[in-house]
Amino acid sequence: MSLSKEAVVMFTGKPGKGLTFEEFDNKVMSWARKQYGHVYAKQLWEDTLVNLNSLDLADDLDYYKFQEHCEFVYDVLTHESAKHADTLYSSAKFWTVKWQTENRQRQYEKLYCFLETRCEGEAERQLRAQGVEKTRKLRKHFFERFGSGQPIVLQERVRKYMLAMPDANGVSFPPRVNMPDKLDQLEEERNYLLRMCPKEKHRDYEEGKETTLVRNILNFLPAEYDDAVQNVRNLMRIREMMESGNVNLVTNLDDAIKINYDTSWLPPYNELRVGLVNAWLKFKRRWDESSTSKGKAGHPVMMASDEVNAERTCYGCGRKGHSRGDEICTAGKDAVWGGAPKAYLDKIARKFGKGPTPNSGKRTLSEDPKQICKFYAAGYCKWADRCNFLHEGPQGGSKSLVIIKEVEKEKAKEKTKENQKGAAKEIGSAKGQP
């Protein structure tokens, strides 16, 4: 069954339209891998197979390379048909440069046919322009033609990679970052840089090395992961001590020269990843607990202390001990105290205008900053005229009557006691007369 252009996403070579070069590259490798196996597919697509025309079969080393290549091709052919592969293996033509060259060209023709089903627009035009004869160079041509291979584009990706790929805010590891996803992102970018780098340059390509990935992570890792990194480094020291038998290697002293000019102190990436992910899982559990415990039964909820409430001033009545709009406020929910901060008064004025508010019809901004006595408003103030606060406005209803009655009872009791004491004195005086 042939692939239809309408059924798949195509590679156009245009940014934001269709497959990117990286996605296209992966699609081609996926198809070739099914046809030939990973090793042959990668070398075929990236044009890294042995150059048969450059071999001198009279030379022992070149002859060995050719024989090794023929065995490699035989293993590939067995994927399609083991019987056919055995027949070719036993024939003399299979062991000739001519047959191997022609066979490779046939595989490139198959690859070219697949590329035709995945390219359209400018990418398809370039495919036709190169032709099937140049299939082996098509990956390099697409890479250079459509942006990813341009020096400026690649250098920008390398720059961001060396900064541990910061986000839009310039932060490489934002607060509470998903550590597994972040590490996956860095791994994928490193793999991309290695794929773009020619195979013969891998050994000297510093940006593609694992030690560079580890150093990038450590340079920008948040301080909360310091303990996790230290635990991994301690394991390294213990392992080195056991291998060398030198106990002095287990120390908390860092060698500045070694850290700055050597990579042996860097932990293996796999061990560092495990340590960081484990630490992140612990942090995540605490973050989840703190976010779900607010207002939930069985978890402590922080309450305002009595001292804080006592210092809080109501912007409705001017008294301390509650906030504007509370049920205990005697001035009502719509009242506004003139002694409130200017910013608050300006906010009310902007919202409701200079006149009365729509809610009460009587709500105005008072000019008197002096506070109302909360005890008087409740019904009774024991300081009476000596009180430093205003005794104005309505008093509490039933509550004030109860307080007044209790006060009258107390006065009656005191008066009774005084009368009893006076009577006792009179009786005592009477008994003491001659």
Original post:
On the given criteria, is GLU71 more than 21 Å from GLY131 (Cα to Cα) and acidic (Asp, Glu)?
Top reply: yes
Subject >> Matching residues in the range 36-60 - criterion: being of a type outside the set (Gly, Ala, Ser), touching a residue at least 12 places away in the same chain (Cβ under 8 Å) and in a loop (DSSP other than H, G, I, E, B) >> reply: ASP47, THR48, LEU49, VAL50, LEU55, LEU57
Original post:
For residues in the range 81-103 being of a type outside the set (Phe, Trp, Tyr) and in contact (Cβ under 8 Å) with a residue 12 or more places away in the chain, which is surrounded by the fewest Cβ atoms within 10 Å (Cβ to Cβ)?
Top reply: THR101
**OP:** Would you check if LYS199 is more than 20 Å from the chain's Cα centre (by Cα), surrounded by fewer than 16 Cβ atoms within 10 Å (Cβ to Cβ) and not β-branched (Val, Ile, Thr)?
**Re:** yes
**OP:** Check ASP56 against each of (1) within 15 Å of LEU138 (Cβ to Cβ); (2) in contact with a helix residue (DSSP H, G or I) (Cβ under 6 Å, 6 or more places away or on another chain); (3) acidic (Asp, Glu) and name the one condition it does not meet.
**Re:** (1)
Subject >> Failed criterion for SER91 (all others in (1) under 21 Å from LYS140 (Cα atoms); (2) outside any helix (DSSP H, G or I); (3) of a type in the set (S, T, N, Q) hold) >> reply: (1)
Original post:
Hey, among ASP75, ASP47, which residue is surrounded by 13 or more Cβ atoms within 10 Å (Cβ to Cβ), out of contact with any strand residue (DSSP E or B) (no Cβ under 8 Å at 6 or more places or on another chain), within 24 Å of GLU144 (Cβ to Cβ) and not basic (Lys, Arg)?
Top reply: ASP47
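Looking only at helices (runs of 4 or more DSSP H) that lie completely in the range 139-224, which have at least 3 residues being at pLDDT below 90?
Once the helices (runs of 4 or more DSSP H) in the range 139-224 are filtered for at least 3 residues that are at pLDDT below 90, what remains is 151-162, 179-196.
The values are calculated or read from the model by the stated rules, or taken from the named source; none is laboratory data. Since we're looking at a predicted model, the values are computed, not measured. Quick reminder, even Gly has a Cβ in these numbers, built from the backbone with ideal geometry, and neighbours come from all protein chains shown.
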